[in-house]
Amino acid sequence: MKYFPVFLDGSKINAMVVGGGDVAARKIELLLKTTTQITIMAESVSEGVERLINENQLTWLQHNYKAGLLTKITLVIAATDDTAVNEQVYYEALEFNILANVVDQPALCTYITPAIIDRSPMIIALSSSGSAPILIRMLREQIEKILPQGYGRLADFSFKFRDHVKARIKGIPNRRTFWESVLRGSIGQDLLDGKQQEAEQQLIASLKEKIAPAQGEIIFIQTLEGNPDNLTLNAHRALQFTDAVFYDGNVNIELIEYVRRDAEKYPQSVNSTIMLNYQHALELAQKGQQVIYLLAGNEELPSNEALITSGISTRIITSGS
């Protein structure tokens, strides 16, 4: 990756925008979604910028760019139409390790602003690393269409009851299973429909019920030619909710990008056509973990007595041609 994706804590941002035109106004509006600790440095500003300053009680330094005023600033945006000034802002920020963005000049940026889908507190950020803004706009439009506005309510609800669920349900796999059933089921639908009270009553009732321990499972995914674009919905969902994944050198390594980030990865030095590491996978499943074994091609799985007698649930998914 050319850029490292990161979200900044808005309460710790002290921003400066150099420039007072329409471009500066757009940048200020974006910053205001997160912080009001914003200073504008410009001799004159547009009507829109002046309105933002007055409505949000922002600091306005009524002069053009002067060096030496970035003390305590954590993020600076240069939005002037003077290339020389923009360069000066960038190099001063670079000297003091301040995050800097020069509008429409990626070479003079230590960060770039992604396309944003705001479902607060959920935020989705998209970037093409500055190479294809039109493509990102198209992707954003697709995601906007399928992402309900009420998704933020799901996040707020999860945060509100997080500690209650943690106290009642022991073990990360158990809690993950519980929350998945909550958010995908009738409780999640009630939240999307704005029925907050009904959703809370259902959750409280479900927490009073006896929670069954997590049941381990081993899923063998035959990836055929290994094309990630051809992953089936079942395979994609399994990869997103797995606790551990096994794979050998014949499996397309790009598929690992589709695995849940905090899942344990176990690359195998022995090809699966020679030997499958049933024992290790079985040990993890017996602890209640969801285990995936990625396999190149679609060879028939060899029988394993220990797996058969263990009683552990197994599935085979063919996906990826």
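The values are calculated or read from the model by the stated rules, or taken from the named source; none is laboratory data. None of these values were measured; they are calculated from a predicted model. No Cβ is skipped: glycine too gets one built from the backbone with ideal geometry, and neighbour counts run over all protein chains shown. Surface accessibility is based on the protein's heavy atoms, side chains included, excluding ligands, DNA and RNA. Shrake-Rupley method; radii C 1.70, N 1.55, O 1.52, S 1.80 Å.
Just wondering, is there one or more residues in the range 42-51 that are touching a residue at least 40 places away in the same chain (Cβ under 8 Å) and open to solvent by 50 Å² or more (accessible area, probe 1.4 Å)? Checked against the condition, which is being touching a residue at least 40 places away in the same chain (Cβ under 8 Å) and open to solvent by 50 Å² or more (accessible area, probe 1.4 Å), the range 42-51 yields no hits at all. Any idea which residue in the range 94-123 is farthest from residue 76 (Cα to Cα), counting only those that are open to solvent by 50 Å² or more (accessible area, probe 1.4 Å) and among the β-branched types (Val, Ile, Thr)? The selected residue is 123. Being closer than 23 Å to residue 10 by Cα and in contact with a Leu (Cβ under 9 Å, 6 or more places away or on another chain) narrows it down to one of 136, 116, 143, so name that one. None of the others qualify; the one that does is 116. Restricting the range 165-193 to residues that are part of a loop (DSSP other than H, G, I, E, B) and within 14 Å of residue 210 (Cα to Cα) leaves a set whose member that is most open to solvent (accessible area, probe 1.4 Å) is 170.
Taken as a whole, the range 130-151 holds at least one residue that is among the hydroxyl-bearing types (Ser, Thr, Tyr), open to solvent by 70 Å² or more (accessible area, probe 1.4 Å) and within 21 Å of residue 33 (Cα to Cα). Looking only at the range 148-164, residues that are part of a helix (DSSP H, G or I) and either at pLDDT below 85 or among the aliphatic types (A, V, I, L, M) (or both) come to 2 in all.
The set of residues in the range 199-219 that are surrounded by 14 or more Cβ atoms within 10 Å (Cβ to Cβ) and assigned to a helix (DSSP H, G or I) comprises 199, 200, 202, 203, 206, 207.
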